[in-house]
Amino acid sequence: MPLKATSLRRQIIVGALFGLALIGGAVRYYAPNPSLTRDMGNLLLVLWVPAIGNVIAFVVRQVRERRASTPAFAAGQHFAPQLSVELTPLAPQLRTALGQLDPRQDHCMLVLGTDGFTARISRPLAGWLNQGQAQCLQLEFLRPAMALPRFSAGTGFRVLAGTTVVGEGRVLARLG
């Protein structure tokens, strides 16, 4: 029966290879040059090379999982507007953004300076972008305690759908 590569077994293997690499480094450092002992130290160091790829893949996977676990609005959560805003789509990005959007997607990212805030608007983004003109809409923040203090009346911001800037906006009023 073949052994299944579990996370624990992988960690043990990577730890053993790392230990061998440390021993190889010490052997190489203290062995006379040239010698068979120094060559054996080099060999032990080379055994670590395949494990580096596994460690890098592990780190990349962890980063992707953290990004994927970004908090979102709960499915079926009632829309509770917090701001009244004027949103204007940017014409050059419309074709690109419309092709990438789910027709029911209502959430976006509002960018203010270097900070981004997850929000959703009162209608799907694709519908707003299809209009091609400025519209007054309501929006709700995922984390209102963090976002609302930054969005006072008259504040301008950019609207991102995914990684694409699809529009600009301006706060008209706070609702509540």
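Nothing in this text is a laboratory measurement; each read-out follows from the coordinates by a stated rule. Since the structure is predicted, the reported quantities are computational estimates derived from the model, not experimental observations. Cβ coordinates were reconstructed from backbone atoms using ideal geometry, including for glycine residues, and neighbour counts include every protein chain displayed.
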Helix 36-46 axis, angle to the chain major axis (alpha carbon atoms, nearest 10°): 20
Listed residue (48, 31, 62) projecting farthest to the positive dipole end of region 7-68, Cβ model: 62
Residue 172 versus residue 73: modelled label distance in nm, points set 7 Å from Cα along the beta carbon direction: 1.8
Peptides 80-90, 109-119, 31-41 ordered by average Cβ neighbours within 10 Å, highest first: 80-90, 109-119, 31-41
Ranked 171, 63, 159, 166, criterion: other C-beta atoms within 10 Å, fewest first: 63, 171, 166, 159
Antiparallel content of DSSP bridges confined to region 83-174, in %, to 5: 100
Unit charges on C-beta of K, R, D, E only; dipole of region 113-176, Debye: 100
Theoretical gain in end-to-end length, residue 123 to residue 29 [0.36 nm per residue, Cα-Cα removed]: 27.2 nm
Hull volume in cubic angstrom per residue (convex hull over the Cα atoms of the chain): 224
Charge sum, other residues only, whose C-beta stays under 12 Å from residue 80's C-beta, Lys/Arg counted +1 and Asp/Glu -1: 0
Crossing angle, helix 49-68 versus the chain [Cα axis fit, 0-90 degrees, rounded to tens]: 20
Most to least packed among 152-158, 42-48, 138-144 [average Cβ atoms within 10 Å]: 138-144, 42-48, 152-158
Likely footprinting exposure, 107, 78, fewest C-beta neighbours within 10 Å first: 78, 107
Per-pair calculated FRET efficiency, R0 = 41 Å: residue 66 and residue 16 via Cβ, rounded to 0.05: 0.90
